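One structure below.
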Amino acid sequence: MTEEWKYFLQQFEMHLRLERALAENSIVAYIADVQKLAHFLQDQAVSPRTVSPSHIYPFLTALHRVGIKATSQSRILSALRVFYKFLLIDHHITEDPTQLIESPQLGLHLPSVLSVFQIESMITAIDLSTSNGVRNRAIVETLYSSGVRVSELISLKLSHVYFEEGFLRVIGKGNKERLVPIGAIALKYIKLYVEEVRLQINIQSGHADDLFLNRRGKNLTRVMIFLIVKELARKAHIDMAVGPHTFRHSFATHLVEGGADLRAIQEMLGHSSITTTEIYTHLDRNYLKQMMQDFHPRSMATTDK
């Protein structure tokens, strides 16, 4: 990669960090995706300021040929759009080479969703006679009752749980804050965990306000939450792939099925665009179709006499 590419990538990184205030994981992903184009063009000695659609189309074709999925291609193209928008705003280029390039066609991907019965089965599989069991019950109840992302869950602060008001103060993507309502049952188990388990932990320096802690007094990792959920799914004999995000999808889907307003769900999930939230209306249509097929007398399978 040339020094010019390195320079502009450094400037781009500063832009993402200081002006857009993105999370570190997002910054790393953006830089890595733009670097893919830089490496592809390194033998052609093409400057980032002279890249044109004639360079980007072969790049996307190459991604397809090596088996990169359409979703990943779309993500990479999205990163390039952000990069060239930055160059355009800072007057390093006069035309955006990504402007007329269409994103790869994506099939509709419907996320996996747990039924209420499956969620109840996982919850009842938790052994409340142990301190970890009380904590894990509070975690699962929080995931399903609020729809927070796993990254938001592990960064929850005790001071951000408003027990009386029934809200969580959540720090989402791009350090954006939102207030999320949380159910009474989840709050009950959070309070039980805080008062009966968390007080017994030797909390390490810098973690006094972290809500969910491990036995060593530090906040839990994403991997640990994934393992907790995976083990509960195994105990509940659920044969589908279940992760923390499955509770988020289930939270939103069950709200849609219950008739909740899509804008309200968008606000609770922290989606910047209503388009992202609309995926759950597709799930709801499938649910309604299934209900009609299962219970309408003219949709049931019959045999002619």
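Read-outs: derived from the displayed coordinates by stated rules, not from any lab. Worth saying up front: this structure is predicted, and the values here are computed from it rather than measured. Because the Cβ atoms are built from the backbone with ideal geometry, glycine has one as well, and the counts that use them run over all protein chains shown.
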Which value in nm describes the separation of the simple spin-label points at Asp294 and Leu128, placed 7 Å from the Cα toward the beta carbon?
-> 2.8 nm
Can you pull the one-decimal nm distance between simple spin-label points at Gln44 and Ile201, each 7 Å off the Cα toward Cβ?
-> 5.2 nm
Read phi for every residue in the range 197-208 and hand back ³J(HN,Hα) as whole Hz from Karplus 6.51 cos²θ - 1.76 cosθ + 1.60, θ = phi - 60°, with x for Gly and Pro.
-> 10, 4, 5, 8, 8, 7, 6, 6, 4, x, 10, 4
If we sort 28-40, 120-132, 194-206 on the protection proxy, mean other Cβ atoms within 10 Å, highest first, what's the order?
-> 28-40, 120-132, 194-206
In nanometres, the difference between 0.36 nm per residue of separation and the alpha-carbon distance of Thr275 and Leu179 is 32.5 nm
Want the number for Arg234 to Tyr57: 0.36 nm per residue separation, take away the alpha-carbon distance, what's left?
-> 59.2 nm
Only helices counted: for the chain, with every DSSP H run of 4 or more residues adding -39500 (n - 2.57) and the sum spread over all residues, [θ] at 222 nm is -16500 deg cm²/dmol
Taking placed amide H atoms and a strict 5 Å upper bound, the residues 5 or more places from Phe167 or on another chain that come that close are Tyr162, Ile182
Helix 244-257: angle to the longest alpha-carbon principal axis of the chain, degrees 0 to 90, nearest 10?
-> 70 degrees
Between Arg216 and Glu267, what length in nm is gained on full extension when 0.36 nm per residue of separation is reduced by their alpha carbon distance?
-> 14.9 nm
Would you mind checking the tilt of helix 53-65 against the longest principal axis of the Cα atoms of the chain, expressed as 0 to 90 degrees and rounded to 10?
-> 50 degrees
Here are some values of Rg and Dmax of the Cα atoms in Å: (1) 22.9, 75; (2) 23.5, 80; (3) 18.7, 56. Which one was computed from this structure?
-> (2)
With everything on Cα atoms, drop me the angle between helix 279-295 and the longest principal axis of the chain, reported from 0 to 90° to the nearest 10.
-> 50 degrees
